[in-house]
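Following: one structure in structure tokens, then a few remarks.
Just so it is clear, none of the values below were taken in a lab; they were calculated from the coordinates. Computed from a predicted structure; not experimentally measured. Counting neighbours? That spans all protein chains shown, and the Cβs are built from the backbone with ideal geometry, glycine included.
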Amino acid sequence: MAKIVLVPGFWLGAWAWEEVTPVLRAAGHDVHPLTLTGLADRAAEATPDVDVYTHVEDIVALIDDNDLRDVVLVGHSGANLPVTGAADRIPERIARIVYVDAGPLPGGMALIDFNTPQTQEEWRKRVAEQGDGWQLPVPAFDPAADPDNLAGLTSEHLARLAELATPQPFATATRPLDRHTLPPDTHCSVIASTFTPEQVRMLADGGNPVFAPMAEMDLFHLPTGHWPMFSRPNELASLLDEIAR
């Protein structure tokens, strides 16, 4: 049995893991899905000061409060920085980090920096015009506009996202971690959905600073869109079970 902490990506809460959690628990694992400050059922806690370090503290607090050790720390998408920061803070408690369709960013890189200049500009415009200057509004989740990331999602999935997703405190996207440039010392795995292990290795061979560390990690492929906890929850749970053992 492993101690597994599930951390959702942008706009999501613990609810995002509802189809993954029971499968892992049925396999015998002690599973803790987490809602980060300012999101979902904790949306009332959102303020302009909520940033990546707030979310690092959320993870550390959950692990401390439940006296968890040898934790398999799972971070989806934009949770890559908080799980990395938590592993930096309490490495003695973390057995492994699993990045779901994500990876550790180099030190000093904020999540917004990983996006194209066009996306960065779009995010800042939406924050200014729709998010009171400090919240990143929920995206449209339009399969016609974003077919690759939304691959595998049914109309029911999209309706649930539209209903339950909440704006993201923008400082979680604009503030980087103040850490060394190497990946965490903790053992790391990557479950790639919208890219392949072969693409990771190719980009790493080309000197890409984001993908180079990922090429040295345990790489798994779960072909689907960017939201495998919705589109392929059983397969995602099976991979997490395999990795946790």
* FRET efficiency for Glu156 and Glu18, Cβ-Cβ distance as r, R0 = 22 Å, nearest 0.05? -> 0.95
* **3J(HN,Hα) from dihedral phi, region 161-166, Karplus parametrisation 6.51/-1.76/1.60, rounded to Hz, x for glycine, proline** => 4, 4, 6, 9, 5, 10
* To do: Express the Stokes-Einstein translational diffusion coefficient of region 1-78 in µm² s⁻¹, to the nearest whole number, given a Kirkwood radius over alpha-carbon pairs, 25 °C and a viscosity of 0.890 mPa s.
  => 190
* With r defined as the distance between the Cβ atoms of Met1 and Val210 and R0 fixed at 30 Å, what FRET efficiency is calculated, to the nearest 0.05? -> 0.35
* Structure fact -> Mean projected area (nm²) from the convex hull of Cα positions in the chain is 12.2
* Amide H partners (placed H, <5 Å) of His32, local residues excluded -> Ile4, Val5, Leu6
* **Local electrostatic count at Asn234 - Lys and Arg +1, Asp and Glu -1, tallied over other residues with Cβ under 15 Å** => -3
* **Residues whose placed amide H lies under 5 Å from that of Leu136, excluding near-sequence neighbours** => Gln168, Phe170
* What ³J(HN,Hα) values, in whole Hz, does the Karplus curve 6.51 cos²θ - 1.76 cosθ + 1.60 give for region 113-125 when θ = phi - 60°, with x put for Gly and Pro? -> 5, 6, 8, 5, x, 5, 5, 4, 5, 4, 4, 5, 5
* **Pairwise label distance in nanometres, Glu45 with Asn234, each label 7 Å out on the Cα-Cβ vector** => 3.5
* For region 208-219, Karplus couplings with θ = phi - 60° (6.51, -1.76, 1.60), whole Hz, Gly/Pro x -> 4, x, 7, 8, 4, x, 5, 5, 8, 9, 6, 10
* Asp148 label point, 7 Å along Cα→Cβ, cut-off 14 Å on backbone N: hits in region 221-243? -> 224-227
* Take Arg175, project a point 7 Å from its Cα along the Cβ direction, then tell me which residues of region 23-67 have their backbone nitrogen under 12 Å from it. => 47-58
* Structure fact -> Amide H neighbours of Cys188 at under 5 Å, excluding residues fewer than 5 places away on the same chain, with H built from the backbone geometry, are Ile97, Asp218
* Could you work out the helix-only [θ] at 222 nm for the chain, with each DSSP H run of four or more residues adding -39,500 (n - 2.57) and the total divided by the number of residues, to the nearest 500 deg cm²/dmol? -> -10000 deg cm²/dmol
* Structure fact -> Expressed in angstrom and rounded, the centroid-to-centroid distance over alpha carbons for region 91-165 and region 1-60 is 15
